[in-house]
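Engineer: Structure below; questions to follow.
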Amino acid sequence: MTAGPAQPVRRLSEQPPKVGDVTLRTVTMPVGSTQPSFISSLATLFTGTVLAQAIPFLAAPWIARLYDAPQFTLFGAMLAVFNVLNVVVTGRYELAIVQPVDRKDAADLLRGGLVLSVLMGIVLCIGLETLHGPLESRFGLQRTGGVLIVLAMLAVFAGLQAFWQQWLLRARAFKSIAQVKVLQAVSITGLALGMGAMGASGGLVLSYLFGWFLFALGSWLVVNRVAPVPGAWDRTRSVAMLRRYREFPLHNAWPALLNALASGAAVMYMSMFYAPQIAGEHNFARQYLLVPIGMISAALGQVLFERTASAVRDGRPVLADLRRVVLSLSAIALVGALLMTAAGESMFAVLFGEAWRGAGKAATILVWGYGAQLVAGPLGMQLLAMGKVKAFMIFPLIFAAMLAVVPFFRDWDPMHFMALLSAVEVVAYGAYAALVWYHVARYDRNLSTVRA
C-alpha cells in the first residue's frame with residue numbers, strides 16, 4: 001500500500017496554558033483530521049453493550065430455572081471479590097494508556113502493564129489459596145476452594161483485557177470494542193446454559209471464567225488486526241513509563257479499590273446476615289438489574305474519559321457533554337425505576353419462574369439505588385480526565401463510610417435492610433453527581449478566563 005500525501009500540521013498552542021491544576025498539553029494533529037463525534041462514539045459502544053446485555057437477558061428465563069438461589073449467592077460473592085481484584089491486578093495503570101502524546105510511550109506503558117497484571121495474578125493465586133477457610137467461616141460460603149483459583153485466573157484475564165481495551169480506546173476502535181463484548185456475552189451465556197442443562201453446579205462460575213478468557217483473547221487479536229502496538233519489548237522503557245505514571249496506583253487505585261469494596265459490600269452483607277435463599281434472591285435481582293447498568297456505565301465512562309481527556313489537551317470545554325449525559329440518564333433511570341416498582345415482582349415471577357418472586361420484590365426496592373448508579377457512575381471518569389484525582393477520591397471514602405454503618409442494622413427485616421442499602425446508594429451517588437458537576441463547571445469557567 002502506498003502512503004498518502006503528507007498533511008500539514010497545525011499546532012494548537014505553543015505554550016500550554018494552565019487551567020486550575022490541569023496543564024493543557026501542546027498536541028499536534030493533521031489539518032482536516034476528524035474525530036468521531038460524541039454521539040457516534042457513544043452509539044457504537046452502546047450498540048455493542050446493549051447487544052451484549054440482550055443475549056444473557058434473553059437466556060435469563062432458562063438460566064433462572066437451571067440454577068437455584070444458593071448458587072447465585074456464591075456467584076454474587078465471587079463477583080464482588082472479582083471487582084476488587086480487578087483494581088489490584090492493574091493498579092489502574094490502564095487508564096493512563098490514553099494520556100501519552102507519543103504513541104511509543106503509550107506502547108511501553110501498555111507492555112509494562114501487561115507484565116504487571118500477570119505478576120500480580122500469580123501473587124493473588126498464592127494469597128487467595130490461604131484464605132479458603134477464613135472466607136467460608138466469615139461469610140457463610142461453601143465450596144470456595146475452587147472458586148478462589150477461578151478468581152485469580154479471572155483477575156489475570158480481566159487485567160490483560162483492560163489494557164488491550166484501553167489501547168483500542170486510544171485508537172478510537174469503538175466498533176472493535178463492541179464486538180469483543182458481544183463475543184464475551186455469547187460465550188458466557190452459551191456455556192452457562194449448557195452446563196446448567198447437564199446439572200453442573202459450577203456452571204455460573206466456570207462460564208464466567210471462560211467468557212473473560214475469550215474477552216481477553218479477542219481483545220488481543222483485535223489489537224493486532226486494527227491497532228498493532230509499535231516497537232518491541234524494552235524492560236527499561238516500560239519500567240520508566242510505569243514510574244512516570246505512578247500516580248495512578250498511588251492515588252487513583254486506592255479510591256477505585258474503596259469503590260469496588262463499597263459496591264460489593266451489599267452482596268457480602270446479605271451473605272453474612274441472611275439465609276442463602278434470601279441472599280441468593282438479592283444477588284439474582286442485582287445480577288439482572290445492576291450488571292447491565294454497570295456495563296452501560298462503563299461504556300459511557302470510557303467515551304467520557306477519552307473525549308474529556310482530548311478536550312483538556314485541546315483546551316475545549318466539557319460541560320456540554322456532562323449535561324447531555326446527566327439529563328438523558330436521569331430520564332432513563334426514572335422511567336425504569338417507576339416501571340420496576342410498579343410491576344417488578346410480577347415481572348420476575350412471569351419471566352424467571354415463581355421461585356424468583358422474592359427476587360422481584362427485592363428488585364422493586366433495589367432499583368432506586370441502581371438508578372442513581374446509572375446516572376452518576378460514568379461521571380467520575382471526567383474527574384480523572386481533568387486530573388482531579390483528589391476530588392475523585394472523595395466519593396469512595398464517603399460511600400464506604402456510609403456503608404460501614406449499615407451492619408448496625410443487621411437485625412432488620414431483609415426488605416427493610418435492602419431499602420437502607422438502596423437509600424445509601426441514592427444519597428451517595430447523588431452527592432457524587434453534584435461533585436462532578438461542580439468541578440466540570442469550574443473547569444469551563446477557568447477555561448473561559450484563560451481564553452479571555
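Here, each number is a calculation from the coordinates, and none is a lab measurement. Everything numeric here is computed off the predicted structure, so don't read it as measured data. Ideal geometry is used to build each Cβ from the backbone, glycine not excepted, and the neighbour counts take in all protein chains shown.
Engineer: May I ask which residue of Tyr370, Phe392, Thr341 lies farthest towards the positive end of the charge dipole of the range 275-452, with charges of +1 (Lys, Arg) and -1 (Asp, Glu) on Cβ and the Cα centre as origin?
Structural biologist: The residue sitting most towards the positive pole is Phe392.
Engineer: Moving on. Over all alpha-carbon pairs in the range 275-452, figure out the percentage whose distance exceeds 22 Å.
Structural biologist: 50
Engineer: Fewest to most neighbouring Cβ within 10 Å: what's the order for Arg243, Arg111?
Structural biologist: By the 10 Å Cβ count, ascending: Arg243, Arg111.
Engineer: Can I ask one more? Can you compute the FRET efficiency between Val115 and Ser328 using 1/(1 + (r/R0)^6), with r the Cβ-Cβ distance and R0 = 25 Å? Round to the nearest 0.05.
Structural biologist: With a Förster radius of 25 Å, E is 0.05.
Engineer: Which value in nm describes the separation of the simple spin-label points at Glu247 and Val350, placed 7 Å from the Cα toward the beta carbon?
Structural biologist: If labels sit at Glu247 and Val350, their model points lie 5.3 nm apart.
Engineer: If neighbour count is taken as other Cβ atoms inside 10 Å, put Asp108, Asp413, Asp68 in order from fewest to most.
Structural biologist: Arranged by neighbour count, lowest to highest, Asp108, Asp413, Asp68 become Asp413, Asp68, Asp108.
Engineer: Oh, and also: When Lys and Arg each count +1 and Asp and Glu each count -1, what net charge do the other residues less than 11 Å away from Ala227, Cβ to Cβ, add up to?
Structural biologist: Every neighbour counted, the sum reads +4.
Engineer: Taking every alpha carbon pair in the chain, what does the distance histogram look like in 20 angstrom bins from 0, in percent?
Structural biologist: Histogram of Cα-Cα distances, whole percents per bin: 24, 58, 17, 1.
Engineer: What is the distance, in nm, between label points placed 7 Å from the Cα along the Cα-to-Cβ direction at Ala434 and at Ser201?
Structural biologist: Roughly 4.8 nm, to one decimal.
Engineer: Separate question: I want to check a number: in the chain, how many lysine pairs have alpha carbons closer than 30 Å, given a sequence separation of 8 or more or different chains?
Structural biologist: Close lysine pairs under the 30 Å cut-off: 9.
Engineer: Turning to a different aspect of this structure: I'd like the FRET efficiency for Val450 and Phe409, computed as 1/(1 + (r/R0)^6) with the beta carbon distance as r and R0 of 35 Å, rounded to 0.05.
Structural biologist: The calculated FRET efficiency here is 0.10.
Engineer: With labels modelled as points extended 7 Å from the Cα through the Cβ direction, what inter-label distance (nm, one decimal) is found for Ile126 paired with Arg65?
Structural biologist: Spacing of the two 7 Å Cα→Cβ label points: 4.8 nm.
Engineer: Something else about it: What is the distance in Å between the Cα centroid of the range 229-249 and that of the range 59-129?
Structural biologist: Spelled out, the Cα-based centre of one part sits 20 Å from the other.
Engineer: Can you tell me the 0 to 90 degree angle between the C-alpha axis of helix 174-197 and the longest principal axis of the chain, rounded to 10?
Structural biologist: Between the helix axis and the principal axis of the chain, the angle is about 20 degrees.
Engineer: Suppose only helical runs count, i.e. DSSP H with n ≥ 4. What mean residue ellipticity at 222 nm does that imply for the chain under -39500 (n - 2.57) per run, divided by all residues and rounded to the nearest 500 deg cm²/dmol?
Structural biologist: -27000 deg cm²/dmol
Engineer: Give me the percent of Cα-Cα pairs in the range 208-318 that sit more than 24 Å apart, rounded to a whole number.
Structural biologist: The calculated P(r) of the range 208-318 puts 55 percent of pairs beyond 24 Å.
Engineer: Please report Rg over Rh for the range 36-245, where both radii come from the alpha carbon positions and Rh follows the Kirkwood definition.
Structural biologist: Result for the range 36-245 is an Rg/Rh of 1.01.
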